[in-house]
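The values are calculated or read from the model by the stated rules, or taken from the named source; none is laboratory data. Here the structure is a predicted model, which is why all the values come from computation and not from measurement. Cβ placement follows ideal geometry from the backbone for every residue including glycine, while neighbour counts extend to all protein chains displayed.
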Amino acid sequence: MPMTRTAIAAALSLCLWLPGTVPSHAAEGAELRRHPGEILDLSTMETLSPRDLYVALEHKKIILIGEQHDNPEHHAVETLLLEELVTPGTAVVFEMLGPGLPLDKLGITTSRSELETALKPVTQRWDWNTYGPLFHLVLQLGGSLASGNLGQDQIEALYQGEDAGLPVQETESRAAVTGQVRKHIGNAISAQHCKPVPAVRLDPMVEIQLARDARMASQLEQHAGYRPALLLAGGYHVRKDLGVPRHLNRDDSAVVMLAMVTDRGEIVGGDELLSNQVADYLWFTSATEETDYCGDTGASTSHASPMSN
């Protein structure tokens with residue numbers, strides 16, 4: 001049975017620190033540990049309550065939410081954020097949705113079964129039990145769904161180094177990305193593949209990543225207006241230093257990164273996330289258990305995986 005908003009809020013609030021405070025052991029000089037439920041304002045390094053965060057986001061026209069795709073706590077937090085931020089007329093861009101879908105035919109009267117018939121067959125890469133309820137929630141709140149991904153034919157063309165028929169603005173935005181950023185993205189892709197990827201394969205993969213970011217930025221720009229536009233995507237996509245924000249030419253946006261902490265209070269992905277050059281706010285959750293795909297056995301480990309891209 002799906003959790004109600006009240007139940008989700010109660011569960012997540014159990015671990016929240018009081019706004020503006022830090023754990024007592026940090027004040028005593030011990031190494032600071034992060035905790036699930038903690039929300040950190042990266043411009044002040046103060047902890048916030050959910051209400052403080054909602055107030056801070058009130059006047060933003062574009063709000064980017066970054067997740068780990070397989071973390072159930074991230075989807076619970078996203079439910080809370082969508083409940084608070086989506087009002088009639090709000091568009092939510094989903095990385096999980098590609099072009100050419102009948103999204104304009106879906107609305108507040110669309111039933112769960114109708115939504116599943118329309119979208120499940122074309123979102124098979126994604127867990128419907130996770131994302132179907134989020135799609136439906138947006139519609140029930142009077143919002144609209146918008147695609148954020150490229151088409152498979154466009155992805156294949158980019159991989160082959162061919163003309164993908166992308167809009168000029170997206171192509172120019174991708175071309176303007178610096179070599180340093182491209183190198184960082186390439187290193188992350190190689191890490192996910194467990195070993196160095198030959199340049200002949202890696203370069204097109206980087207281009208695909210950048211093209212996806214440019215597409216999501218374009219969709220956000222198109223849908224931001226009187227009501228804000230939201231993006232729900234993998235954490236790597238929403239990073240201010242590497243992802244979609246680099247393709248946005250505006251200062252009225254905010255990035256909320258859902259970040260994971262281990263049982264030891266260590267941030268998955270490292271302390272580099274503790275920078276307002278990466279995100280504006282971090283909302284910490286528990287870490288998921290990772291399957292060690294790079295190991296000899298593929299056995300599950302107790303270490304959480306890095307943020308998905």
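List of remarks:
- Scanning the range 141-161 turns up one or more residues that are in contact with an Asp or Glu (Cβ under 8 Å, 6 or more places away or on another chain), closer than 20 Å to VAL238 by Cα and not hydroxyl-bearing (Ser, Thr, Tyr).
- Members of the range 234-259 that are part of a strand (DSSP E or B) and under 19 Å from MET45 (Cβ atoms): ALA254, VAL255, VAL256, MET257, LEU258, ALA259
- Matching entry among LEU166, LEU145, LEU231, LEU150 (being under 19 Å from GLN277 (Cβ atoms), at pLDDT 95 or above, aliphatic (A, V, I, L, M) and outside any helix (DSSP H, G or I)): LEU231
- THR117 vs. criteria crowded, with 19+ Cβ neighbours inside 10 Å and out of contact with any His (no Cβ under 8 Å at 6 or more places or on another chain): no
- Scanning the range 242-265 for residues that are more than 14 Å from the chain's Cα centre (by Cα) and β-branched (Val, Ile, Thr), we see that the one that is nearest to LEU57 (Cα to Cα) is VAL261.
- All positions within the range 48-87 that are under 12 Å from VAL256 (Cα atoms), among the β-branched types (Val, Ile, Thr) and in a helix (DSSP H, G or I): VAL77
- If you go through the range 179-205 and keep only what is part of a helix (DSSP H, G or I), within 16 Å of TYR159 (Cα to Cα) and either of a type outside the set (Gly, Ala, Ser) or in contact with a Phe, Trp or Tyr (Cβ under 9 Å, 6 or more places away or on another chain) (or both), you end up with ARG182, ILE185, ILE189, VAL200, ARG201, LEU202, ASP203, PRO204, MET205.
- Residue list for the range 218-241, filter: within 13 Å of the chain's Cα centre (by Cα) and within 19 Å of VAL177 (Cα to Cα): GLY235, TYR236, HIS237, VAL238, ARG239, LYS240
- Count of the range 120-139 residues which are surrounded by 14 or more Cβ atoms within 10 Å (Cβ to Cβ), assigned to a helix (DSSP H, G or I) and not β-branched (Val, Ile, Thr): 10
- Test: VAL238 is closer than 21 Å to SER275 by Cβ and crowded, with 18+ Cβ neighbours inside 10 Å: yes
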